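Nothing in this text is a laboratory measurement; each read-out follows from the coordinates by a stated rule. Since the structure is predicted, the reported quantities are computational estimates derived from the model, not experimental observations. Cβ: placed from backbone, ideal geometry, glycine included. Neighbour counts: every protein chain shown.
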Amino acid sequence: MVDYERGIFQEMIRAIKAKDQTQLDWFCSFGDSFRVITMNVYAHRKGLEFGFTEISFDKYDWFTRPVFLDKEELAFGDKSRYGNHSLIYLGRGANHVWTYGMSYSYGVAGGCYGLSVYGKQFKSRQDALSVALIELKNMMTKKIGSTDTTNDKQPIILATLRDIEKAQFSMVQLSLF
């Protein structure tokens with residue numbers, strides 16, 4: 001059991017002990033099993049941190065993923081080859097809290113995670129982008145000189161690092177004005 005599950009379970013126990021039918025009905029509106037209720041309540045509460053207030057469920061009774069506003073997709077690296085570049089996704093919540101996701105490629109190896117209410121929270125687009133660029137730069141830097149030439153393509157890694165440096169330089173220039 002993870003911490004948030006324990007907390008929600010304790011809330012439910014308090015509602016039972018207090019015979020708070022309104023609160024119990026609210027919990028029950030999130031699903032028909034403890035697992036579904038806790039995950040849906042947690043998703044709803046994480047969404048509230050980004051200003052998303054709607055409560056809705058998909059056809060499988062899971063909480064509907066909120067849609068971020070002002071979404072952007074920024075590409076880094078060798079953009080001429082399909083799949084051999086990295087992307088940073090930026091988006092903001094209804095209350096102007098920003099987050100990011102990314103898709104990164106070392107050539108063949110890589111990974112991704114999308115925009116999500118579970119992501120890191122930032123006060124501005126620039127703050128989110130700055131942290132995302134540092135994260136991507138650190139991942140790429142660790143692969144410089146990798147002997148795994150099948151998965152880690154040095155030209156792609158170096159091209160990504162050059163694009164990151166250009167983006168960081170542009171952000172510094174903009175902050176001067």
Most positive-pole-ward Cα, M39, F27, S105, against dipole of the range 1-130 from beta carbon charges: S105
field: Listed residue pairs exceeding 21 Å between alpha carbons, taken from K79/K137; K71/K153; K142/K166; K123/K166
entry: K71/K153; K123/K166
task: Would you list, by chain and number, the aspartates and glutamates whose Cα falls below 16 Å from the Cα of K46, excluding same-chain residues fewer than 8 positions away?
output: D3, E5, E54
message: For the chain, what does the helix formula give at 222 nm: sum of -39500 (n - 2.57) over DSSP H segments with n ≥ 4, over the residue count, nearest 500 deg cm²/dmol?
response: -15000 deg cm²/dmol
message: Roughly how far apart, in whole Å, are the Cα centres of the range 1-46 and the range 57-130?
response: 29 Å
query: Roughly how many debye, to the nearest 20, is the charge dipole of the chain about its Cα centre, given +1 on each Lys and Arg Cβ, -1 on each Asp and Glu Cβ, and no other charges?
result: 280 debye
query: Shape of the chain from its Cα gyration tensor (a ≥ b ≥ c, root eigenvalues): rounded if a/c is under 1.5, otherwise prolate when a/b > b/c, or oblate?
result: prolate
